[in-house]
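To keep things clear, I will list the structure first and then write my remarks on it.
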Amino acid sequence: MKASEALSRVTQNIERAVVGKRREIQYVLVALLCQGHVLIEDVPGVGKTTLVRSLARSLGCDFRRIQFTPDLLPSDVTGVSVYNQKTGEFEFRPGPIMSQIVLADEINRTSPKTQSALLECMEEGQLTVDGVTRRLPRPFLVLATQNPIEYEGTFPLPEAQLDRFLIKLRLGYPSLREEMTVVERSRRPPLEELGQVLTADEVLHLQQVVKDVHVDESVLEYIVRLVQATREHPDVYLGASPRGSIALYRTSQAIALTRGRNYVTPDDVKEMAPLVLAHRIILRPEAQLRGGGAEALVEDLLAQVPVPAGLRSHAARRA
């Protein structure tokens, strides 16, 4: 089975439970292919949790949910060593992070100290408790949800935590017809009927396949120029780091694979740039007051940074 066909099957299966969000589903699969993580920021009730649960069912992966609250401790996430009186030794009791797909629900409702418990897990695929390092299961994907910052009782994610998320996206409200379908399906929730369409081993194979998607040197230069432009813009206090360049490179490969191509085009880069770069940019206070936000700034940069001459014709020849 071709990679694009396998990914299409997963998308169609999730769409049985998540209505009208094909593009967002594909972006989550992009993060999975890149071994990255997703931050979904949106208001309650638009299907964030349903999306994550549907993905886990479609892949037959272990799934755990962590409900982040102000009193949650780091050990509630990673696990803790408990003394066994019978054996006279400490035994490790794993926390919910020791799963393949983890839903970090309302991550911005807990303290930065507890949020930081995810840093090592998300970056290195491992956790260290009491000096002992343990590998996390593979594939490993964290999908965190958060309410918009203006909601009461939330803690803005630290920059280091935001940078660990490969992409940040929003689901948005459904259209009239989509919401009618959602309401109609609520009589018999389709989530419980979803079956597995891919195995964990097949996902691991796809994670290797995506690395072979060709990126022309001129496309690579275009990617790096875009990221460097975020550091040079007068409205930006802190631009995207080289990790942002790597993230844009990898996600461009993955979105090309989902579209059935073995090469990256400038349009792939343009599609992924706002999702990959916006949450890595800190605007100056005066720019924040003017409004628009980091996503609008990335869109402006996409219009300003020229695509290298001959890039489109080169991609056409490869087709």
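Here are some notes:
- C-alpha long axis of helix 3-15 to longest principal axis of the chain, angle in °: 60
- Rounded if a/c under 1.5, otherwise prolate or oblate - the range 133-241, Cα gyration tensor axes: oblate
- Net charge of neighbours whose Cβ lies under 13 Å from the Cβ of Arg177, counting Lys and Arg as +1 and Asp and Glu as -1: -2
- Degrees between helix 48-59 axis and first principal axis of the chain (Cα, 0 to 90, nearest 10): 80
- For Thr114, Thr11, the sequence from fewest to most other C-beta atoms within 10 Å is Thr11, Thr114.
- Paramagnetic label reach from Arg259 (point 7 Å along Cα→Cβ; backbone nitrogen cut-off under 20 Å): within the range 214-241, residues 214-227.
- Cα-projected label distance for Glu221 with Ala309, points at 7 Å along beta-carbon direction, nm: 1.1
- Distance from the range 150-206 to the range 265-304 (C-alpha centre basis), Å: 23
- Order by protection proxy (mean Cβ within 10 Å, highest first), peptides 284-291, 12-19, 53-60: 53-60, 12-19, 284-291
- Cα point-scatterer Debye curve for the range 213-318, base-10 log of I(q)/I(0) at q = 0.10, 0.11, 0.14 Å⁻¹: -0.28, -0.33, -0.52
- Arranged from fewest to most other beta-carbon atoms within 10 Å of their beta carbon, Val38, Val132 become Val132, Val38.
- Distance cut-off 24 Å, percentage of C-alpha pairs in the chain lying past it: 57
- Around Cys34: net Lys/Arg minus Asp/Glu count, Cβ-Cβ under 12 Å: +2
- The range 3-200 - charge dipole about Cα centre, Lys and Arg +1 at Cβ, Asp and Glu -1, debye rounded to 20: 660
- Between Gln196 and Asp71, the contour length at 0.36 nm per residue exceeds the Cα-Cα span by 41.4 nm.
- Lysine pair count for the chain (Cα-Cα distance under 21 Å; residues 8 or more apart in sequence or on different chains): 7.
- Ellipticity estimate at 222 nm from DSSP helix runs (n ≥ 4, -39,500 (n - 2.57)) divided over the chain, nearest 500: -13500 deg cm²/dmol
Coordinate-derived values only; no laboratory data. Since the structure is predicted, the reported quantities are computational estimates derived from the model, not experimental observations. Quick reminder, even Gly has a Cβ in these numbers, built from the backbone with ideal geometry, and neighbours come from all protein chains shown.
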